[in-house]
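Peer 1: Please see the structure below; I have some questions.
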Amino acid sequence: MNPPLRPPFATYPTLYTPRLVMRELTLADVPQILPISFFRGKAAGSLAEAEQMQRLIREEYESGSLLHWGLTLGADGPVIGTSGFYRSFKPETPDEAEIGYVLLPAFQGQGFATEAVEAMVEYGFTRLGLRRICAFTGPDNAASHGVLRRAGFAELTHDKPLEFRKFGREAPGAVASE
């Protein structure tokens, strides 16, 4: 296994799946993802807010606490969603991270989220040296529950409010914990 890496990187990592290129987002991408622009659980209300959120995401990447990708259809295709490691890489839990993902409505239900999650899990375990990856979803978000289960996650108990369901996946060979 390679030694663990943490953001920021000398070169922003780009991930590839059969249909997606997961790459760094720029301010030029923001108009494409305005409807799904969120930061810390708050939706952008305008293009200016979405651009500010992208700046804050970049700052958090530079501080080493997140890794955020735009999901594009091929190298030159449109941005159809975002995914990443959020609220992660903390000193108290250096080998654990939380993922999130969102797709534009026209691209939901086609397996793109599962591709992105599987790529993030592989990258997290092999390149970032993570032992556990988790995700929180709304209790009624059956589509997201399915994405996580298809990507090998199991539902876990947790101490968050009941408006969330927690899913987790352990690295191969890791000792399960809760």
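The values are calculated or read from the model by the stated rules, or taken from the named source; none is laboratory data. Here the structure is a predicted model, which is why all the values come from computation and not from measurement. Note: ideal-geometry Cβ built from the backbone for every residue, glycine included; neighbour counts use all protein chains shown. When the accessible area is computed, the model is the full protein with side chains, heavy atoms only, and any ligands, DNA or RNA have been set aside. Shrake-Rupley method; radii C 1.70, N 1.55, O 1.52, S 1.80 Å.
Peer 1: Which one is modelled with the highest pLDDT among residues in the stretch 86-143 that are surrounded by fewer than 15 Cβ atoms within 10 Å (Cβ to Cβ) and closer than 16 Å to Pro13 by Cα?
Peer 2: Top of the filtered list is Glu122.
Peer 1: If you go through the stretch 144-158, how many residues are in a helix (DSSP H, G or I) and surrounded by fewer than 22 Cβ atoms within 10 Å (Cβ to Cβ)?
Peer 2: 5
Peer 1: Which of the residues that make up the stretch 61-71 are out of contact with any Ser or Thr (no Cβ under 7 Å at 6 or more places or on another chain) and surrounded by fewer than 21 Cβ atoms within 10 Å (Cβ to Cβ)?
Peer 2: Tyr61, Glu62, Ser63, Gly64, listed by residue number.
Peer 1: What are the pairs with Cβ atoms under 8 angstrom where one residue, in the stretch 134-149, is under 7 Å from Arg165 (Cβ atoms) and the other, located anywhere, is part of a helix (DSSP H, G or I) and not basic (Lys, Arg)? Sequence gap at least six, or different chains.
Peer 2: Thr137/Ser144; Thr137/His145; Thr137/Leu148
Peer 1: Scan the stretch 1-39 for residues that are open to solvent by 80 Å² or more (accessible area, probe 1.4 Å) and either among the small types (Gly, Ala, Ser) or assigned to a strand (DSSP E or B) (or both) and report the count.
Peer 2: Here the count works out to 4.
Peer 1: Could you count how many residues in the stretch 133-144 are farther than 17 Å from Gly84 by Cα and not small (Gly, Ala, Ser)?
Peer 2: Of the residues in the stretch 133-144, 3 are farther than 17 Å from Gly84 by Cα and not small (Gly, Ala, Ser).
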